[in-house]
1. Pop the C-beta distance of K69 and D43 into the FRET formula with R0 = 41 Å and round what comes out to the nearest 0.05.
2. Can you sort E76, E33 by 1.4 Å-probe accessible area, starting with the largest?
3. Mind grabbing the accessible area of R65 for me, 1.4 Å probe, Å², rounded to tens?
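The values are calculated or read from the model by the stated rules, or taken from the named source; none is laboratory data. These figures come from a predicted structure and were not determined experimentally. Heads up, the Cβs are rebuilt from the backbone with ideal geometry, glycines too, and the neighbour counts pull from every protein chain shown. Side chains included, ligands, DNA and RNA excluded: accessible areas come from the protein's heavy atoms. Shrake-Rupley method; radii C 1.70, N 1.55, O 1.52, S 1.80 Å.
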Amino acid sequence: MSRGRGGTSGRGVGRGSGRGRGANALPAGLSFEDMIAASQARDPAPLYPRFPDLPVLANVSDKERQICKYQMGFVERLKKSPYYLVDTTKTNSINQVPRYSDRYKVVSSKLPTG
């Protein structure tokens, strides 16, 4: 029974359904040997681009050590202040899907002491 076009049954006709045309069809005049020879004639591309020269880390000066010490002290004072909030609510384990990354999660359940 025809479905409107061409008077065929609608099966086995149309684009790409002919017999004898496989995915291996090459253009006329080319053989697989020609394709292999053309691919081997090219120079291989480099695996990765060259990294730019990175600056060499100089020795840490006394001034930089002092700045680092002040910064770390400031962070510690913030953590010990009463305004540093830690979420202490437990999530409902029934509604949570266990994740692989939860095995390695660091859980801080108590407030920092100071």
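1. 0.15
2. E33, E76
3. Per-residue accessible area (R65): approximately 140 Å².
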